[in-house]
1. When the chain is treated as a GNM, springs tying every alpha-carbon pair under 10 Å, which of GLN47, GLN63, GLN104 comes out with the largest mean-square fluctuation?
2. Placing one identical point scatterer on every Cα of the range 1-48 and ignoring solvent, what is log10 I(q)/I(0) from the Debye formula at q = 0.18, 0.19, 0.29, 0.32 Å⁻¹?
3. Comparing ARG120, ARG133, ARG84, which has the greatest mean-square fluctuation in the GNM of the chain with Cα pairs linked when under 10 Å apart?
4. Enumerate the residues in the range 130-158 having an amide nitrogen under 16 Å from the point lying 7 Å beyond the Cα of ASP166 toward its Cβ.
5. Using the Kirkwood radius over Cα pairs, work out the Stokes-Einstein diffusion coefficient for the range 29-168 at 37 °C and 0.692 mPa s, in µm²/s as a whole number.
6. Suppose a student asked you for the relative contact order of the range 1-81, using Cα pairs under 8 Å spaced at least 6 residues apart; what percent would you report?
7. Under a GNM of the chain (C-alpha, springs under 10 Å), which listed residue has the highest mean-square fluctuation: GLY138, GLY148, GLY14?
8. Evaluate the Debye formula for the range 54-126 with equal point scatterers sitting on the alpha carbons, no solvent, and hand back log10 of I(q)/I(0) at q = 0.11 Å⁻¹, in q order, two decimals.
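Bear in mind that the values in this text are calculations on the coordinates, not laboratory data. Because the structure is predicted, anything quoted here is derived from the model rather than measured. Cβ atoms come from the backbone with ideal geometry, glycine included; neighbour counts cover every protein chain shown.
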Amino acid sequence: MGKGDVSQTVSANGTINPVTLVSVGTQVSGTVKKLYVDYNSKVKKGQILLELDDSLLAAQLKQSEANVQNAQATLVLATANEIRMRELYAQDYVSKQELDNAVQSKQSAEAQLLASRAQRDKDRANVSYSVIRSPVSGVVVDRQVDVGQTVAASLQTPTLFKIAQDLS
């Protein structure tokens with residue numbers, strides 16, 4: 001017998017699971033335009049994973065912006081009418097009801113402007129949601145979409161990727 005190194009080997013069978021597995025979905029529907037990552041891609045928090053075609057969302061945003069401009073113009077006219085009616089009412093040329101109608105029209109125009117701005121802000125957010133970013137740093141362990149595929153975010157958010165946050 002001789003002298004030598006003693007070594008010990010341990011083997012195991014099973015599945016390695018990450019400490020945290022994050023499912024990445026989308027809040028808006030659309031067709032996958034560009035994929036930036038694939039299986040086993042290392043990603044950093046905030047990195048773009050994919051882009052959805054935003055043409056319909058951008059068109060909706062343009063329509064909302066036009067609605068805001070229309071509501072602003074309506075408010076300018078309603079304000080001018082209210083001022084005019086107040087002056088005429090002070091001189092007894094119009095009735096109290098006509099003045100009240102002018103005041104109500106202005107209040108309605110103000111409310112419509114607020115509603116139009118809220119819709120515009122929502123549509124602006126939806127356009128930004130067409131770019132899917134990684135919420136965490138980690139490794140892509142599952143990709144469930146391909147370029148050209150349509151994802152529908154209706155009642156349930158579809159899973160696009162699964163990212164393992166920590167595989168150590």
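1. Among GLN47, GLN63, GLN104, the largest GNM mean-square fluctuation belongs to GLN104.
2. Cα-only, vacuum Debye calculation for the range 1-48: -0.88, -0.93, -1.35, -1.39.
3. Of the options given, ARG84 has the highest mean-square fluctuation.
4. So the set is 136-139.
5. Numbers: Rh = 18.7 Å.
The diffusion coefficient I find is 175 µm²/s.
6. Numbers: 24 pairs, mean separation 17.7, N = 81.
For the range 1-81, the relative contact order is 22 percent.
7. Checking each option, the largest mean-square fluctuation is seen for GLY14.
8. At q = 0.11 Å⁻¹ the computed log10 ratios are -0.38.
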